[in-house]
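Undergrad: Let me begin by handing over the structure; questions about it come next.
The values are calculated or read from the model by the stated rules, or taken from the named source; none is laboratory data. This structure is a prediction, so every number in the text was calculated from the model and none was measured. Cβ coordinates were reconstructed from backbone atoms using ideal geometry, including for glycine residues, and neighbour counts include every protein chain displayed.
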Amino acid sequence: MKNRVRVVKRPQLSFLERWYLGPVVKGLGMTIKRFFGVLTDVLFRWENKKTAITMQYPEERWDFKDNFRGAPALVMDQEGRSKCVACQICEFVCPPKAITMWPAELEDEDKVEKYPERFEIDMLRCIYCGYCEEACPEEAIFLVKEAEIVYADRESFVYDKDKLHAMGGIREDRIMKWKDK
């Protein structure tokens, strides 16, 4: 049995193809065409010429849609009490373990309830997944439209219970579980 060798003829490349000038010139042509197309749209076909293309950031803010997942925050009921009952479900479902809670018991004569003595969320670890909001049976934690979280030191990124309540504010409670307290 003989080994057969097949000879494949390669096409002869032109001068521009050998030096890659053709693709480079073609790419530059596409870039220039796109640049002038956008420029004409902005200068001549812009619907509202008073509107600037660049947003003036501190004065103008983005308008987030309803499905935007921002920072998690604790909410209070109409009476100003925390809706959190320290069930720790949000702490268990948090994938990066950003939520830390220390439950305590609130004891009155015949009623025993839990409340979070300390509640902290490390915003550097939080991935804004929304699992804490979905898992909360008391609707005590919500994702607010807060996207500007900037501090100079790492300790400021750990939000305590007071800061989380300030971010969340007061939400209408349909159940009024704490009415007797």
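Undergrad: Restricting to region 137-170, name every residue that is in a loop (DSSP other than H, G, I, E, B) and farther than 19 Å from E79 by Cβ.
TA: P137, V144, K145, E146, A147, E148, I149, V150, Y151, A152, D153, D160
Undergrad: Consider region 85-118. How many of its residues are in contact with a Leu (Cβ under 6 Å, 6 or more places away or on another chain) and of a type outside the set (D, E)? Spell out how you get there, then give the answer.
TA: Filtering region 85-118 down to residues in contact with a Leu (Cβ under 6 Å, 6 or more places away or on another chain) leaves 113, 115.
If we keep only those that are of a type outside the set (D, E) too, we end up with 115.
Number satisfying all stated conditions: 1.
Undergrad: Out of (1) farther than 25 Å from K65 by Cβ; (2) of a type in the set (F, W, Y); (3) at pLDDT 95 or above; (4) touching a strand residue (DSSP E or B) at 6+ places or on another chain (Cβ under 8 Å), the odd one out for Y115 is which?
TA: Answer for Y115: the failing condition is (3).
Undergrad: Moving to a separate point now. State which residue pairs qualify: first residue closer than 9 Å to A71 by Cα and inside region 143-160, second residue assigned to a helix (DSSP H, G or I) in any location, beta carbons under 6 Å apart, and separation of 6 or more residues or different chains.
TA: So the pair list comes out as L143/E133; V144/M167.
Undergrad: With the structure loaded, tell me whether E133 is among the charged types (D, E, K, R), in a helix (DSSP H, G or I), in contact with a helix residue (DSSP H, G or I) (Cβ under 9 Å, 6 or more places away or on another chain) and in contact (Cβ under 8 Å) with a residue 40 or more places away in the chain or whether it fails that test. If you could, list the steps in order and put the result at the bottom.
TA: Details: among the charged types (D, E, K, R): yes; in a helix (DSSP H, G or I): yes; in contact with a helix residue (DSSP H, G or I) (Cβ under 9 Å, 6 or more places away or on another chain): yes; in contact (Cβ under 8 Å) with a residue 40 or more places away in the chain: yes.
In short, yes.
Undergrad: If you go through region 113-120 one residue at a time, do you hit one that is hydrophobic (A, V, I, L, M, F, W, C) and in contact with a Ser or Thr (Cβ under 8 Å, 6 or more places away or on another chain)?
TA: Among the residues of region 113-120, at least one is hydrophobic (A, V, I, L, M, F, W, C) and in contact with a Ser or Thr (Cβ under 8 Å, 6 or more places away or on another chain), which makes the answer yes.
Undergrad: How about region 71-108: which of its residues are of a type in the set (G, A, S) and in contact with a Gly (Cβ under 8 Å, 6 or more places away or on another chain)?
TA: Listed by number, the list holds a single entry, A73.
Undergrad: Restricting attention to region 41-97, which residues are acidic (D, E) and either at pLDDT 95 or above or touching a strand residue (DSSP E or B) at 6+ places or on another chain (Cβ under 6 Å) (or both)?
TA: E91 - this is the single residue of region 41-97 that is acidic (D, E) and either at pLDDT 95 or above or touching a strand residue (DSSP E or B) at 6+ places or on another chain (Cβ under 6 Å) (or both).
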